[in-house]
Each structure stands twice: as C-alpha cells, then as structure tokens.
Amino acid sequence: MPSNTIGTDGTITRDARSRYRQRAEDGAHGAFEAETKRAGGSPRAEIDVARGSAPDEIRGLLGSTEEVVIRRRRMFDGDRLVQLCDTYIPAFVAEAAPDVAQLDTGVGGIISRMADAGLAQAEIVEDVTQEPASDEQADALGVEPGSLLLTITHVGRTEDGRTVEVSKHTLGPGWTLRYGVPLN
C-alpha cells in the first residue's frame, strides 16, 4: 500500500493515496501520526481547541457562518516543526460528535469520531496552492516572511454532500505531495 516517506535529508513525501484509510493504524490518533510513524518518524502535535468564527474563505467552503470548533495544530517530526494546520468543524458536527472538540480525539482522530456519529467523510477534495508565509508562519517554520509555502485546503464531505471539515495545512520546507488517480 502507498505510504509516506521521510528521506535522510528530512524531505517528507506525503502519499495521499492511502492517507485517510490508515488513520488509526497501530492506535494512531489520525493520519499525520499514522503516516509519520510508518515512515520511521516521531510524530507529535501541540493542539489548541476553541470555538469561534472561521475566516471568510473557510466560511465559504463550509457554506455556513455559524460558530465552528477550531483545532489549531503545530505538527512535528521529533523536534522539527513540519506543518501548521487549522481545522474548522461546523457546530452540527461538534454536537453529534463532541470528541472533535477535545484535545485528544482518540484512535483515528476526528475523521473516525465523525464516522462514529454517522457523519463519515465519503469525499475529500484537497486544493494545493502556494501562499506567501505570514510573519507568524515564517517565524514558526523558519522561512522568510513572504516565502511561498505549499498549502493544502482539505474539504471533507459526507455521502449526502454536507461539509463536515475544512482543514488548512501549511507545510514547512521540504515536502513532496504524491497523488494517484485511478484510470479504470
């Protein structure tokens, strides 16, 4: 099965072909932990959870202006910060799956808690763009302000089309993203 790798030079290859199916592998609390362990790394995350308003761009993707649960994560391989990720979860999801608003969301992470509550993600769309690093992102990731960083905007939807999650991943230097497209 496709898997992430961490090269001897620290380059991380994120292989999206199996990422979300293996999120609970060996008791992992989400895709990042599972894939980093599988690649021989030492994953950890610093997490803040709050309720508030999503930025305009995210509200448009959520299709709602209601209050959201915001999960802000600083994700590390060992001591090296490799990505920043802000996740926005609509209130209806947090009501159905209250563990998504906890620091520890359990084995499989928020995607598994949503599925447990009958809100399984059936479709994921990820837009990959380059965006200039803000002063805060630049300081955290060790780049110059304005440096172009890869950003993944992840939108998870249920079978009936409800958006249950929007995550904005800002990747530090040294990432390769791999996607596969079935042709049959």
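Could you list, bin by bin from short to long, the percent of Cα-Cα pairs of the chain in 5 Å steps?
Answer for the chain: a P(r) of 1, 8, 16, 21, 22, 17, 10, 4, 1 percent.
Accessible area per residue for the chain in Å², computed with a 1.4 Å probe and the full protein assembly in place, what is it?
50
Label D9 and E144 with points 7 Å out from Cα along Cα→Cβ: what is the distance between them in nm?
2.1
Obtain the nm distance between the two label points defined at R59 and D104 by a simple spin-label model: each point lies 7 Å from its Cα along the Cα-to-C-beta direction.
It works out to 3.6 nm between the two label points.
Of the accessible area of the chain, with the probe set at 1.4 angstrom, what percent is carbon plus sulfur?
Carbon and sulfur together cover 47 percent of it.
Per residue, how much space in cubic angstrom lies within the convex hull of the C-alpha atoms of region 103-184?
144
Could you state the number of Å between the C-alpha centres of region 144-184 and region 37-96?
Taking the Cα centre of each part, region 37-96 and region 144-184 sit 12 Å apart.
Only four residue types carry charge here, +1 at the Cβ of Lys and Arg and -1 at the Cβ of Asp and Glu. Report the dipole size of the chain about the Cα centre in Debye, rounded to the nearest 20.
That gives a dipole near 500 debye.
The values are calculated or read from the model by the stated rules, or taken from the named source; none is laboratory data. All values reported here derive from a predicted model rather than from experimental measurement. Using ideal geometry, Cβ is built from the backbone for each residue, glycine included, and neighbour counts are taken over all protein chains shown. Accessible surface is based on the protein model in full, side chains and every heavy atom, while ligands, DNA and RNA are left aside. Shrake-Rupley method; radii C 1.70, N 1.55, O 1.52, S 1.80 Å.
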